[in-house]
Amino acid sequence: MNFSEVFKQSNQLCKVSPDGKYLATCVQYRLVVRDVATLQILQLYTCLDQVSHMEWSSDSQFILCAMYKRGLVQVWSLEQPDWHCKIDEGSIGLVASRWSPDGRHVLNTTEFSLRITVWSLCTKAVSYIKYPKACQKGLDFSRDGCYMALAERRDCKDYVSIFVCDDWHLLRHFETETQDLAGVEWSPNGCVLAVWESCLEYKVLLYSLDGRLLSTYSAYEWSLGIKSVSWSPSSQFLAIGSYDEMVRILNHITWKTVAQFQHPSSINNTKAVVYKEVEKRPAVSEDLSIHNISMGSTLFSTQSKYEIFLPPVHLPVVKPDPERANPKIGISSLAFSSDSRYLATKNDSMASVVWVWDMQKMSLAAVLEQTAPVRCFQWDPRQARLAMCTGNNKLYLWSPAGCVAVQVPAEGGFQVQSLSWHSSGDSLILLGKDHLCLCYMETEQEDK
């Protein structure tokens, strides 16, 4: 495993292009595009203000930079650096901006979600979509880029509109059986649309492309409900995380539960492997060379390793304050591995613990207890390998073969706040507060 030098970034705005060739980062009001292989700067663009949001087009030809405070969007071309586009929403304001799947239309959501404006880069045509609902996830594109599902609120009722992305004509418009719709998400195969209620009621509705209600699922009533939803890449399973500290798995044939994963504070399962991060400070001898002193930040930092603990194992639990809003309890994070074999989950009342479930056996495979709360975890897009960070100077990796903690050897104590995989699975982008670095994984070809 190797690490690159450290580069500056702002607001965690750092993204690899969809084709995997370029790395775009924002530094205040500048947009820097590098070659992923060499990290050499290819293009440097100057925006009109500090960038709030940055996004690549699907064909890696254009980059969108949104400046929400100014109500501005600038689009830059990689092939033609002199070409640029400025979209000004004016006094109506701007709260969200994103690409359409074809990479030639920009969708801007105005303040107070009054409307969504669709701007065409090719024809300069403008379309308006009224009544978008301001919610957790009110807009989603199907994986093939053909359809857009949009949550709407009109006359105090929830609706879903399905648009065809080619020409933005309305395909279906139907009322949903919800009191306060919180999100919509297409299954990866684009056949089913999942719609779920706000946290005040546990309810998931599954609709077909033509707006037919296929099934409704509710696990319980009169208590805080859904906190997270995730489809498996195979579209066979829908995982629902809730405030009762459980994950329920629905199957795609009957839409009934095939498994319920509990997150207890005491683990007695003998088949699950429990890894605990153990920190130790290295013993430092009196005979220190000048070289070692200059590398002091790395030399004196705590080192971590994983130890396997046999059940029963007691996990640290933080009881939520019932007087405060958004209690730290329930399943806030769900992520399936790329092959749908494993599911990683996090229960907010045990913020330093990540649970890995085997979806073939429908059972707990591993529990990873860190010394600090887990900030971010993400699966390798090519294999069953999970990367995690906890806001310190270490990167953590889990695979069915075992667990490892790796220290990031950057000077000045690089604190990993979040991470993302390159689409090849050969490298990771590690993001600190104001910096980033790349971590290169050893591939099988290199080992040979």
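Can you work out the Karplus-derived ³J(HN,Hα) for every residue in the stretch 92-107? Use 6.51 cos²θ - 1.76 cosθ + 1.60 with θ = phi - 60°, whole Hz, and x for glycine or proline.
Result, rounded to whole Hz: 6, x, 8, 10, 7, 9, 7, 7, 7, x, 7, x, 10, 10, 10, 9.
With contacts defined as alpha carbon pairs under 8 Å and 6 or more residues apart, what's the relative contact order of the stretch 134-236 in percent? Could you put the intermediate results ahead of the total?
Working: 224 pairs, mean separation 20.4, N = 103.
Relative contact order here is 20 percent.
Hey, what's the stretch 298-395 come to in accessible area per residue, 1.4 Å probe, Å²?
Details: 4470 Å² over 98 residues.
Each residue of the stretch 298-395 exposes 46 Å² on average to a 1.4 Å probe.
Distance in nm between label sites at Arg154 and Gln80, each 7 Å beyond Cα in the beta-carbon direction?
Distance between label points: 3.8 nm.
Carbon and sulfur together cover what percent of the accessible area of the chain at a 1.4 Å probe radius?
On the way: 10640 of 21670 Å².
So the carbon and sulfur contribution to the accessible surface is 49 percent.
How much length, in nm to one decimal, is gained on full extension between Glu279 and Glu442, taken as 0.36 nm per residue of separation minus their Cα-Cα distance? Working shown, then result.
Working: separation 163, 0.36 × 163 = 58.68 nm, distance 2.53 nm.
Difference between extended and current length: 56.2 nm.
Taking only Cα atoms and a 10 Å spring cutoff, compute GNM fluctuations for the chain and point out the largest among Arg70, Arg324, Arg154.
Taking springs between Cα atoms under 10 Å, the residue moving most is Arg324.
Percent of Cα-Cα pairs more than 44 Å apart in the chain, please.
Values: 14749 of 100128 pairs.
Counting every Cα pair in the chain, those more than 44 Å apart make up 15 percent.
Just want to confirm a number: the relative contact order over the stretch 303-353, from Cα pairs under 8 angstrom separated by 6+ residues, in percent. Could the numbers behind the result be given before it?
Numbers: 51 pairs, mean separation 16.2, N = 51.
Relative contact order for the stretch 303-353 comes out at 32 percent.
I'd like to check one number: the per residue accessible area of the stretch 1-65, probe 1.4 Å, reported in Å² as a whole number. Let's see the in-between values first.
Details: 2970 Å² over 65 residues.
Here the per-residue accessible area is 46 Å².
Can you pick out the pairs among Lys137/Lys227; Lys15/Lys276; Lys256/Lys361; Lys133/Lys203 whose Cα atoms lie more than 22 Å from each other? Kindly include the intermediate steps, with their values, before the conclusion.
Working: Lys137/Lys227 12 Å; Lys15/Lys276 32 Å; Lys256/Lys361 17 Å; Lys133/Lys203 18 Å.
Lys15/Lys276, as the Cα separations exceed 22 Å there.
Give me the percent relative contact order of the chain, please, defined on Cα pairs under 8 angstrom at least 6 residues apart. Don't skip to the answer; put the middle values down first.
Details: 1089 pairs, mean separation 43.5, N = 448.
Worked out over the chain, it gives 10 percent.
The values are calculated or read from the model by the stated rules, or taken from the named source; none is laboratory data. Please read these numbers as outputs of a predicted model, since none were measured by experiment. In this analysis, Cβ positions are derived from the backbone assuming ideal geometry, glycine residues included, and neighbour counts consider all displayed protein chains. Just so you know, the surface numbers come from the protein's heavy atoms only, side chains and all, with ligands and any DNA or RNA stripped out. Shrake-Rupley method; radii C 1.70, N 1.55, O 1.52, S 1.80 Å.
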